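Undergrad: Okay, handing you the structure first.
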Amino acid sequence: MIKKNLQQLKDRIDKAASKVGRNPMNVKLVAVSKRFPVHSIIEAHQHNQVHFGENYIQEVQDKSPDIPKEAMIHFIGHLQSNKAKAAATHCDMIETVDRLKLGKALNKHLVTLEKTIDILIQVNIGEDPQKAGVAANQAEDLLVQLNQLTNLRVCGLMTMPPQEENPEQSRPHFRNLRQLAQKLQDKHLFKVEKPELSMGMSADFEIAIEEGATIIRVGTAIFGARQK
Ligand SMILES: *Cc1c(COP(=O)(O)O)cnc(C)c1O
């Protein structure tokens, strides 16, 4: 089932990208494996899936010994500063940095580990009180401060818009994130040539791709419904 779902997903990614004249190679699929057993990761990896998303540090630690070495783990959940060491140890990208304190905690451990890590700034683009993320008008200040930290490479922005019934309602939020990234890029604040935009999940990734997503985070459409 995972194989077939991945294939169908690739077709949908191709279609959404070509609809707006984008190269589908520029859309990275992160398979969100939270609350699925590690054998689901292994199975998806056998079908050439490389990037995986996890939300809970404890779960990452538990799965870590069995995760294939070439798999890249994206941390996409809320991260407490006191879990920064485990995140720095086990993850390849942290997508949810939304405050300086967390950046400093990560950097401290990364210096000790002699490791540099790619991060994204999580932006609460829809000003949803239920969602984490820095406010859009604070993102630049945070980015400037995070850029001072030696072992973090700020590669772009990530967002989770407010949950809506109709995925089309996510579009203005995705567009706003892209425009924010563009504004920061125009000031040469990212340490990469082209900033990453992590946005879009199972319900709305096609719209996110149309609006410029370079990373989409898809769980249910690959692994099925998660247990509550
Ligand atoms: C769970 C989760 C996803 C994936 O959601 P699906 O609806 O299963 O595709 C994406 N991003 C974040 C931050 C998540 O927590």
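Undergrad: For the stretch 32-45, take each phi angle, set θ = phi - 60°, evaluate the Karplus expression 6.51 cos²θ - 1.76 cosθ + 1.60, and give the result in whole Hz per residue in order, putting x for glycine and proline.
TA: With the stated coefficients, the stretch 32-45 comes to 7, 9, 4, 6, 10, x, 4, 5, 5, 5, 4, 5, 4, 4 Hz.
Undergrad: Could you sort 178-189, 93-104 so that the peptide with the highest average Cβ count within 10 Å comes first and the rest follow in order?
TA: Packing proxy ranking, top to bottom: 93-104, 178-189.
Undergrad: For the stretch 51-74 and the stretch 113-149, compute the distance between their C-alpha centroids and round to whole Å.
TA: Answer, in whole Å: 22.
Undergrad: Please work out the ratio of the alpha-carbon Rg of the stretch 1-136 to 2.2 N^0.38 Å and round it to two decimals.
TA: 1.14
Undergrad: I would also like to ask the following. In a solvent-free Debye calculation with one equal scatterer on each Cα, what is log10 I(q)/I(0) for the stretch 85-192 at q = 0.12, 0.18 Å⁻¹, listed in the order of the q values?
TA: Here log10 of I(q) over I(0) equals -0.41, -0.85.
Undergrad: I'd like the Karplus ³J(HN,Hα) series for the stretch 2-18: coefficients 6.51, -1.76, 1.60, θ = phi - 60°, whole numbers in Hz, and an x wherever there's a Gly or Pro.
TA: Result, ordered by residue: 4, 4, 5, 4, 5, 4, 4, 5, 4, 4, 5, 4, 4, 5, 4, 5, 5 Hz.
Undergrad: What is the fewest-to-most order of Leu9, Leu106 by other Cβ atoms lying within 10 Å of their Cβ?
TA: Lowest to highest Cβ neighbour count: Leu9, Leu106.
Undergrad: Please give the length that would be gained between Lys191 and Gln7 if that part of the chain were fully extended, namely 0.36 nm times their separation in residues minus their C-alpha to C-alpha distance (nm, one decimal).
TA: Contour length minus the Cα-Cα distance gives 62.9 nm.
Undergrad: Oh, and also: For the stretch 7-155, what relative contact order do you get, as a whole percent, if you take Cα pairs closer than 8 Å and at least 6 residues apart?
TA: Relative CO of the stretch 7-155 lands at 15 percent.
Undergrad: May I ask you to work out the translational diffusion coefficient for the stretch 127-185 at 10 °C, viscosity 1.306 mPa s, via Stokes-Einstein with Rh from the Kirkwood sum over Cα pairs, reported in whole µm²/s?
TA: 124 µm²/s
Undergrad: Moving on to the next point. I'd like the distance between the alpha-carbon centres of the stretch 177-220 and the stretch 4-39, rounded to an integer number of Å.
TA: Measuring centre to centre over Cα atoms gives 14 Å.
Undergrad: Can you return the aspartates and glutamates within cross-link range of Lys85? Criterion is Cα-Cα under 18 Å, with same-chain partners fewer than 8 residues away left out.
TA: Within the straight-line cut-off, Lys85 pairs with Glu54, Glu59, Asp62, Glu95, Asp98, Glu114, Asp118.
Undergrad: Scan the stretch 176-226 for GluC sites (Glu not before Pro) in coil per DSSP, keeping those whose Cβ has at most 14 other Cβ atoms within 10 Å, and list them by number.
TA: Of the GluC sites (Glu not before Pro), the ones in loops of the stretch 176-226 whose Cβ has at most 14 other Cβ atoms within 10 Å are Glu193.
Undergrad: In addition: Kindly flag which residue pairs out of Lys15/Lys83; Lys69/Lys115; Lys28/Lys131; Lys63/Lys115; Lys69/Lys191; Lys69/Lys183 have an alpha-carbon separation exceeding 28 Å in this structure.
TA: Lys15/Lys83; Lys69/Lys183, as the Cα separations exceed 28 Å there.
Undergrad: So, one more: Quick one: net charge of Lys115's neighbours, Cβ under 13 Å, K/R +1, D/E -1?
TA: Neighbour charge sum, excluding Lys115 itself: 0.
Undergrad: Okay, moving on. Which value in Å does the Kirkwood hydrodynamic radius of the chain take, with 1/r averaged over all unlike C-alpha pairs and then inverted?
TA: 17.7 Å
Undergrad: Starting with the fewest neighbours, write out Val38, Val32, Val20, Val218 ranked by other beta-carbon atoms found within 10 Å of each beta-carbon.
TA: The most exposed by this proxy come first: Val20, Val38, Val218, Val32.
Undergrad: Can you find, among Ile207, Ala105, Phe223, the residue sitting farthest towards the positive end of the charge dipole of the chain, where Lys and Arg contribute +1 and Asp and Glu -1 at Cβ?
TA: With unit charges placed on the Cβ atoms, the residue in question is Ala105.
None of the figures in this text is laboratory data; all of them are computed from the coordinates on show. As the structure is a prediction and not an experimental result, all values here were calculated from the model. Every residue, glycine as well, gets a Cβ built from its backbone with ideal geometry; the counts of neighbours run over all protein chains shown.
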